[in-house]
Amino acid sequence: MEPTRETKTMMIASQLEQMILDNTFETGCFLPSQQELATQFNTSSRPVREALKILEAKGLVTISQGRRTEVVNTSLNQYIESISTSIMNSTICQTKLMQNLMQVRIAVATSAARDFTRLEDRKRFLSQMWRSVGQMEAALKAINGKDAAAVERFNQAEADFHRTLIQSNGNQILISIYESLSPILDKTMNTIKFTAAQLEKRSKDYAYLCEALQNGQTDLAVALVLVTLTSLETTVMDTYPDDKPAFESYA
């Protein structure tokens, strides 16, 4: 059975958006025709048209009568600013809120990992990230010892890890947006009951990421960010029913 049109539309828009940001579709090039996209995503043309309208509203493409859709902007700044606007919309449901927050973290962290080896002071950022990994590992021992406060210490160390990686990006616009949104995400992470095995796997993945960055293995580092955070996003999204309202305190 095909997912609902709204879900299918958002899925198509999200995938095309990521391909634009990854420069699979570069500025000035044309997307496949709507019929080709409908075939590619195994759907009708209507969700494709609506997905393209979403991308146009975000300033990523332009739609002209009688022509294929043209990519006009591949800016990560534009993407994050667009997501942040959606997040501050008081009518957004909690599921979409969390999805947007996770997408902000994934997009900015991926960009930071891709550019990490070019940093002159990367050793300083890497040292801070290794420190956060050590704090996560120490918290894990306490978690196994039934220390109730250890989970909160793990979450804080994990949040510090991401904050350090994202700050290494050096893009003040993205850093400012992330810093304004991260408290919502950090607060929510403290409410989710992860198993000790899930926390241990994340801790190991962050250690592998540090090793890849330390060794200048950019492609591996980017892959680790995507795999680790996409997996975390899936776990987080499983926590929220579609009809649950967003945090009222952040509306």
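Summary table
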| quantity | calculated |
| --- | --- |
| Qualifying position, being surrounded by 13 or more Cβ atoms within 10 Å (Cβ to Cβ), at pLDDT 75 or above, in contact with a Lys or Arg (Cβ under 6 Å, 6 or more places away or on another chain) and not charged (D, E, K, R), among PRO32, PRO47 | PRO47 |
| Criterion violated by LYS141 - all others in (1) under 24 Å from PHE194 (Cα atoms); (2) touching an Asp or Glu at 6+ places or on another chain (Cβ under 9 Å); (3) not in a helix (DSSP H, G or I) satisfied | (3) |
| Region 23-41, residues that are out of contact with any helix residue (DSSP H, G or I) (no Cβ under 6 Å at 6 or more places or on another chain), without any contact (Cβ under 8 Å) to a residue 40 or more places away in the chain and in a loop (DSSP other than H, G, I, E, B) | THR24, PRO32, SER33 |
| Selection within region 92-151 - out of contact with any Lys or Arg (no Cβ under 8 Å at 6 or more places or on another chain), touching a residue at least 60 places away in the same chain (Cβ under 8 Å) and either more than 24 Å from LEU181 (Cα to Cα) or of a type in the set (Phe, Trp, Tyr) (or both) | THR117, ARG122, TRP130, GLU137, LEU140 |
| All positions within region 62-81 that are modelled with pLDDT under 85 and either of a type in the set (A, V, I, L, M, F, W, C) or more than 30 Å from ALA112 (Cα to Cα) (or both) | SER64, GLN65, GLY66, ARG67, VAL72, LEU76, ILE80 |
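Condition check ((1) surrounded by 20 or more Cβ atoms within 10 Å (Cβ to Cβ); (2) acidic (Asp, Glu); (3) touching a Leu at 6+ places or on another chain (Cβ under 6 Å)) across all residues:
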position	(1), (2), (3)
ARG202	yes, no, no
TYR206	yes, no, no
ASN215	no, no, no
LEU220	no, no, no
ALA223	no, no, no
LEU229	yes, no, no
THR234	no, no, no
ASP238	no, yes, no
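Listed here are the residues, each with its yes/no results for (1) acidic (Asp, Glu); (2) under 18 Å from the mean Cα position of the chain (by Cα); (3) in the same structural domain as LYS141 (by TED's automatic domain parsing); (4) under 24 Å from ARG114 (Cβ atoms).
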position: ILE175; (1), (2), (3), (4): no, yes, yes, yes
position: THR195; (1), (2), (3), (4): no, no, yes, no
position: GLU200; (1), (2), (3), (4): yes, no, yes, no
position: ASP219; (1), (2), (3), (4): yes, yes, yes, yes
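The values are calculated or read from the model by the stated rules, or taken from the named source; none is laboratory data. Fair warning: this is a prediction, and the values are worked out from it, not measured in the lab. Using ideal geometry, Cβ is built from the backbone for each residue, glycine included, and neighbour counts are taken over all protein chains shown.
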